[in-house]
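Read-outs throughout are calculated quantities, based only on the coordinates presented, and are distinct from any laboratory measurement. All figures in this text were calculated on a predicted structure; none of them were measured in a lab. When we count neighbours, we look across all protein chains shown, and the Cβ atoms used for this are built from the backbone with ideal geometry, even at glycine.
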Amino acid sequence: MPSRVDGPLKVTGRAKYGADNVVPGTVHGYVVVSTIAHGEITAMDVTAARNAPGVIAVYTPLEPLVMQPVQMPMFGGEWWVPLQDKEVIYHGQPIGFVVAETFEQARDAAMTIEVTYAERPAATSIEDGMDTAEMAPVPPRNAPPEITALADGVESIEDALAASPVVVEGTYSTATQHHVAMEPHSAVAVWDADGLTVYTGNQAAMFPAAQLAQALGVEEARVRVVNPFVGGAFGGKAFASAPAFLAAAAARDLDRPVKSALTREQVFTATAGRAGTIQKVALGAERDGTLIAVRHDSWSSTGLDRAFTEPTSHSTSPEWYATQNLAITQRRVPLNVPPVTFMRAPGEAPGSFALESAMDELAIALDMDPIELRLRNNSTGPSGHDLKWSSKYLDECYRIGADRFGWASRSPGGREDGDWLVGMGMATAMFPAGRFPTTIRITFRDDDTAEVATGGADPGTGLLTVMGLIGAESLDIGPDQVKPLLGDSVLPPGGMSGGSTATASVSSAIMIAAAQAIDELTALATSAGAPFEGQEVSYEDGRVVAGGRSMTFGELLRATNRMSISATGSSAPGEETTKHSFSSFGAQFVEVRVHKWTREARVSRMLGVFDAGRIINEKVARSQIMGGMIWGISAALHESLDIEANGRFANADLAGYLVPVNADIPEVDVHFVQYPDTLHNPSGAKGVGEIGVVGMAAAVANAIYNATGIRVRHIPIMIEDLLD
Ligand code: MOS
């Protein structure tokens, strides 16, 4: 399989990320953040900062860069724009912007700012907020917070549970987390006669361009966002960031290019992260394992802006298993914490920890193999929907996974190996397959290359490489002839790298655009005065062919004195959504070793087997899945953003916020069962961006139970949880 087309640029440091852009005359903006979690700013003494060396301007909510509110049409509500309000609603909220000739001058001046607050008590505990939690409409489709589907004659989910011969119930919780992408959020903003250009890492280009235009009150056509390379995003770069808003507004105010980058510590608070969750799950079953009742009640923390509610129950329980009776609720607990947003498998990642732990507990209560229990409750489509899955090879994932992993050798009580207790666990993974409306422009050039371009982004996913391959296939030319292009809002709208949609969206649109481009080319070939005037031509191998004669598209363009010929093609979700439901599927397997005396838990083997439709480039797809699976181990054993009583994150830096290092991760085995799903889209690809993380944390907890007999219902699982 071909390697990433942008690999050499990245590993040699030549890929230019947002803050790498050097514009003559640039000044530097440093973001100032709040040191309380709740209250009002009553005064900010910025005299010393204004007089500090090199300082050009100091902006605060008292002397703001005026911006307009930004609507989020897809999710309802408004996106937060910095410095518009004296109200502080979380610790680490941007409350100032110091612009100076150098970064160091801006930072040093920022340290001298004295802020006076009228402080109010901060709500910081999701547990304390459970009683007063609000029912939350569920993004992105605004589903009702409460769904109940009962069999005929059943009065309530409680009755269904009471009538179930075997019942398990548990309360599960998952930690607050943060994306912590390698590239901190940053922006370089430049105004000229054409308007504003912002170099900033983002999962799209058109969305931040639209948001900045709204905030600044200028036409969208006058804002260009450029992001050819993005150093990780994972949901945390879906919207314009605080540095982007501030740099753009300050650059206009000062008539100078402004660069701004968050520090690593600021990334944890001045951008949005993942909710903490509490979930109560009850499962009732027949003795043969058939599910009679599933109850899943969820509480997710959110900021006081209520921008996003992590939908843990909705993303799992209605879809994963067939059940006769279902009742789910989703509540949000607004806290004085930074805003919450999507993070890799928002909903499915923490939701699957609860549901898949509960399924393991049910298997144990039934004395049944956990794979067998899952096979017996196969869902043919989401609950309460007539639309069946377009394709589902989950059973094959379980079977192949069990074989590859040696599941048959697992004993219900684990085994011992010297000082280590060894256990195996598994879990299901699912993630919806979707698409974004996408337009692709294809340009044949006279040097026999073809450009395939769209305004989306490759935040490290491999999308650029996939575009090259699908472009080559659709144009019947070599991949080395294709120049994929992404990451600029002036390109045709390309959706976003979010929701695991990009490959399916972009590939479908390329196939349509390629047919258009070939039509344009053959029309040119047969036009008056052209080499194939009046002939019936065909197109193959990058050549126009007729009557035993052929020319490459480059030769044809040169012969007709054209440098290039372009066409666009668009694709969007359509009629297929009225016929089927769409999802990727997977089976996760983990072996853990828990040290008998120190109680340290180590993952010693891991395997994921996935049905994600057609895999276009196995190398980049495998990397996506591996990254997700490793993140699942991280969620299970490492990651937690801990909130102090006053609302400050105790560990908002990469010393305190634990993520796994190479020594924590064994070899990762990834396997794909490949069944192209052309009911979903013409390319047959379903999406691999997020499903890798799903189920992993439960698989670890289930393996730890197998090894030790200790059921831990929260993540991350710590040594102290495993003491006898
Ligand atoms: Mo993402 S969490 O697919 O933006």
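For the reader, a short list of remarks on this structure follows.
- Ordering S566, S640 from the fewest to the most neighbouring beta carbons within 10 Å gives S566, S640.
- Counting other Cβ atoms within 10 Å as a rough exposure proxy, the listed residues D541, D360 run D541, D360 from fewest neighbours to most.
- The alpha carbons of the range 438-572 give a radius of gyration and a Dmax of 15.1, 49 Å, in that order.
- More than 14 Å apart - percent of Cα-Cα pairs taken over the range 378-456: 78 percent
- Alpha-carbon Debye profile of the range 589-674, log10 I(q)/I(0) at 0.12, 0.13, 0.19, 0.20 Å⁻¹: -0.49, -0.56, -0.91, -0.96
- In this simple spin-label approximation, E520 and T290 carry label points 7 Å from Cα along the Cα→Cβ vector, and these lie 5.9 nm apart.
- Of the DSSP H helices in the chain, those whose Cα atoms cover at least 24 Å axially and whose Kyte score averages 0.0 or more: 348-366, 502-526, 618-637
- Kirkwood hydrodynamic radius over Cα pairs of the range 258-345, then Stokes diffusion coefficient at 25 °C and 0.890 mPa s, in µm²/s: 164 µm²/s
- Spatial separation of Cα centroids for the range 609-630 and the range 1-43, in angstrom: 28 Å
- All Cα pairs of the range 300-429, percent lying beyond 25 Å: 40 percent
- Over the C-alpha trace of the range 1-98, radius of gyration and Dmax come out as 19.0, 60 angstrom.
- For the range 195-261, the set of chymotrypsin sites (Phe, Trp or Tyr not before Pro) satisfying both a DSSP loop assignment and a count of at most 10 other C-beta atoms within 10 Å is empty.
- Order of L355, L485 - criterion: other Cβ atoms within 10 Å of each residue's Cβ, fewest first: L485, L355
- Exceeding the 24 Å Cα-Cα cut-off - candidates K10/K483; K392/K483; K259/K619; K16/K483: K392/K483; K259/K619
- Within the straight-line cut-off of under 19 Å between alpha carbons, the lysines reachable from K388 are K579, K686, sequence neighbours fewer than 8 places apart in one chain being disregarded.
- Alpha-carbon centroids, the range 483-548 and the range 677-694: separation in whole Å: 24 Å
- Here, the range 111-225 yields an orientationally averaged convex hull projection of 15.1 nm² when only Cα atoms define the hull.
- Kirkwood hydrodynamic radius of the chain, from inverse mean 1/r over distinct Cα pairs, in Å: 27.0 Å
- Radius of gyration (Cα atoms) of the range 329-383, expressed as a multiple of 2.2 N^0.38 Å: 1.54.
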